[in-house]
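Just so it is clear, none of the values below were taken in a lab; they were calculated from the coordinates. Note that this is a predicted model, so its numbers are computed, not measured. Cβ coordinates were reconstructed from backbone atoms using ideal geometry, including for glycine residues, and neighbour counts include every protein chain displayed.
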């Protein structure tokens, strides 16, 4: 057994026996991992994805090490605005993933369920609630959540406010995309900025926010270019690389460092060979621990995930001159907001420009907003003649993902794609003969 | 006619335009349509609404953005019925002025679209007259001399209230979104703005930002109830948060009741509600014997479970005179007869010697020779206390369900939780695995004790767990180790139930699975304490039922 594995087991045992007394050890593990990803990056994946992992590891380890440096958020919280106050946004979804590094998700999930939290709730939320409620993880001074993209947000943050005394700002994101909605949300964002000013004793410099928005626009354009290249070139990464990218696009968006990384990836990918396998557009979360999916997609020359809707969930060109309205517009027009046909359209746009061979949607346990529309998306993809596979499982709790079921479905689907290719080739060959 | 589901829907607007409005309350037996059109993990209520709309001829449906499942329901309906008025009303979660202004704007826009759709017109003055005439709907109130029950949580259908009424309990309040009377605010100057303010000013549901105020309101209401039923709907997770929170501070007994809006679950709902009422007021709703058999003092308890039917005859000194355990066959009535004949024969008594018979268990209502029935929860409590008065927590694992019961020092039920929805964690699961391992059920527990390698069964569902076991067999794992892994899987499920009722010692295990030494050892390891198991763990419920019968006569 590796030293790292032993350490993980030790921390897990300690936490389960005495939640709250092992936090320093958990933190030490995160810091050690930060160093590891910098000094000994994972082999077999591209340099860009190595750098991305190192960046996300330091982001979380550094923030957790300084409790006054961050607020809790959800993945759609306006991190650009929070960043203007010199604060980091640690999203609860992202933290749950990090806790699962210690294989503690089942302990935390059971803990939450045993206090009465619904077993059918999203496992990311259950992991987080269990981690905090059990006392295993310390709490920050403040938090913020949007109502987007699920019902769990308001309820989880409210529950933790009551139980652990972490006050939070709630941003109500309207369903409709119209000027009234944008005014309504922009006003809430302004109030939130005032709240941060008062709480943290710092004034908002609007120019900083404008600069963040300029960078954000460039980052989104750069990312689209990178996706384009990733659909043409073999760029080895792992399932978790895409999750890191999603975290970066939400929690570090608007920062120069993150833009520089994407630019580096654009340069780096050009050194890689042409990709000749099947191109997959991934919808929703990626169960990074799942063995079968790992074996098919990690650094695979046959099947490459070229983009995901959770990374590119907004295609908004933001107007820096009206920063609050720009932020509000971006959140409201996010593909996870509004009707499913809005989402299907945006996924359709992505598919049009990236031309994937197939779409895979992973229906994460407890995520009604995403799973609920999966059949509609499949219809849309059928119209576009793109084969789509719906997989059921859990993004974090392995007990809810049955490997046998996932394997059978995935393999059958990939066989179908490969057979389709054979047919096309033989058709061409037939033509040639003719 | 338009259908609607949410209390924030501006129903009166349409009514003033002469449109009939009907609140959709699904009464379905299956989710056949929903299974084709929606993902299975969508809230059962939303699936039920889809079934209703497919069945009935509505001209349209007014939905609100109340939750994720309803948002997806809208998408499905919109696609399914392009010619109908399927409208999604974007309802703010903030009830301050900004929210009211936005909602009023949304309502006005909806009116415009409905006018276009129906050819009807909306007249604000007519609307004002219409809402002025509306009477305040009847609210519930506490009543003396009976059990007062409050209902909280997610929308509750009428079946729950019917069971309460049948058991002569009074509904003191119903704070779910279907139980509250509508609040209509009349503002003659700003008619629609006033009306909107009233709508958003209703008792907030969990989707609203303001829901924090619920605590204070619940605290005030709770005073008028002896107990509270906290209702949640399967795959709707919002209310479970509140339940978890209220459990910490609300000083009223609370029953967590999850339903799925289908008729299939009504038996399970009944058992839980009746057991809850019994725990609140053990005497209140019991019939008195009518002069029958005052002299001869033998009573009987009969427990009709899914695996075994057990009968106990007790004398007036609370001594067990005889008991019988028979396997429940295809017909519970026949097995009950068999158990009755068997126990009478063993005791050397005839049916006439028995003064009173109390039935319990799932089949309790189908035993025609019983004088009354009491739920198995209360009977297990009473039975456990009888065998060992130190017991505070019971774990009962039967053939088709498992439950944890918390008792006070008098043997009265203080809290209970049941798992009767999934086979994992029950005797059935063990039977399945024993078959797969090709050992008898009795052997399974014994060989588990000889295990040398720790194997973890991770699947939470019995079907998946079985395939997991099959792959372990394929990997040449030892039977003993697999058996031990299965016993630990059952123990983990059981531990979850036990934790939810508080883990107070001493512990007792009852039901058929208590005879399995492998499971017993695994549970003991989990709770870090010994389990008291009586000689015949299957008759504890029947013994409790017999004790109930004796109590009739003051013994």
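At a glance:
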read-out	value
Proportion of all alpha-carbon pairs of region A:131-210 beyond 21 Å (%)	41
Between 0 and 90°, nearest 10: helix A:105-114 axis offset from chain A longest Cα axis	60
Centroid-to-centroid separation of region B:381-454 and region A:310-365 [C-alpha atoms, Å]	50
Efficiency of FRET between residue B:247 and residue A:257 - r from beta-carbon atoms, R0 41 angstrom, step 0.05	0.35
Taking all pairs of distinct alpha-carbon atoms in region B:383-426, Kirkwood radius in angstrom	10.9
Approximate shape of region A:291-403 as ellipsoid semi-axes (Cα gyration tensor, √5λ), whole Å, largest first	27, 17, 15
Max mean-square fluctuation residue, GNM over chain A, Cα-Cα springs under 10 Å, options A:243, A:52, A:376	A:376
Relative contact order %, region B:32-89, counting alpha carbon pairs below 8 Å whose residues are six or more apart	36
Computed over region B:296-357, Kirkwood Rh from alpha-carbon pairs, angstrom	11.4
Between 0 and 90°, nearest 10: helix A:323-332 axis offset from chain A longest Cα axis	60
Computed lengthening from residue B:400 to residue B:453, 0.36 nm per intervening residue step minus Cα-Cα distance	16.2 nm
Rounded FRET efficiency, nearest 0.05, which uses the C-beta distance separating residue A:206 from residue A:276 and R0 of 41 Å	0.25
Over region A:157-261, relative contact order from alpha-carbon pairs under 8 Å, at least 6 apart, %	24
For chain A, built as a Gaussian network whose Cα springs stay under 10 Å, the top-fluctuating residue of A:264, A:108, A:30	A:264
Global geometry of region A:85-156, whether rounded, prolate or oblate, following the gyration tensor of its Cα atoms and the 1.5 cut on a/c	oblate
Partner chain coverage, peptide B:198-207 - average Cβ within 10 angstrom	1
Residue A:341/residue B:108 FRET efficiency (R0 22 Å; Cβ-Cβ; nearest 0.05)	0.40
Of every Cα-Cα pair in chain B, the percent that sits beyond 40 Å	36
Relative contact order of region A:13-170, pairs being alpha-carbon contacts under 8 Å that are 6 or more residues apart, as %	22
Tensor-based shape of region A:1-155 (alpha-carbon gyration tensor, a/c under 1.5 rounded, otherwise prolate or oblate)	oblate
Approximate spin-label separation residue B:408-residue B:158, in nm, with each point projected 7 Å along Cα-to-Cβ	3.6
Number of partner chain Cβ atoms within 10 Å, mean per residue of A:179-186	3
10 Å binning of all Cα-Cα separations within chain A, expressed as whole percents from 0 upward	4, 21, 32, 28, 12, 2, 1, 0
Per-residue mean of C-beta atoms belonging to partner chains within 10 Å, peptide A:150-159	5
Spacing of the two label points (7 Å from each Cα toward its C-beta) at residue B:56 and residue A:194, in nm	4.6
Gyration tensor (alpha-carbon) shape descriptor, region B:32-115, a/c threshold 1.5	oblate
Burial order of peptide ranges A:136-147, B:379-390 (average beta-carbon count within 10 Å, highest first)	B:379-390, A:136-147
Overall Cα dimensions of the protein assembly as shown, principal axis frame, Å, largest first	95, 79, 72
Theoretical gain in end-to-end length, residue B:350 to residue B:22 [0.36 nm per residue, Cα-Cα removed]	112.3 nm
Highest to lowest packing among A:20-28, B:196-204, scored as the average C-beta count within 10 Å	B:196-204, A:20-28
Relative packing of peptides B:92-98, B:257-263, B:349-355 - highest average C-beta neighbours within 10 Å first	B:257-263, B:92-98, B:349-355
Among A:116, A:130, A:372: highest mean-square fluctuation, GNM of chain A, C-alpha pairs under 10 Å	A:116
On Cα atoms only, tilt of B:238-249 relative to the major axis of chain B in degrees	60
Inter-label distance for residue A:180 and residue A:17, nm, one decimal - labels placed 7 Å from Cα along Cα-to-Cβ	6.1
Scaled radius of gyration (Cα, divided by 2.2 N^0.38 Å) that region A:40-112 gives	1.26
Principal axes of region A:206-314: Cα extent on each, largest first, Å	47, 28, 19
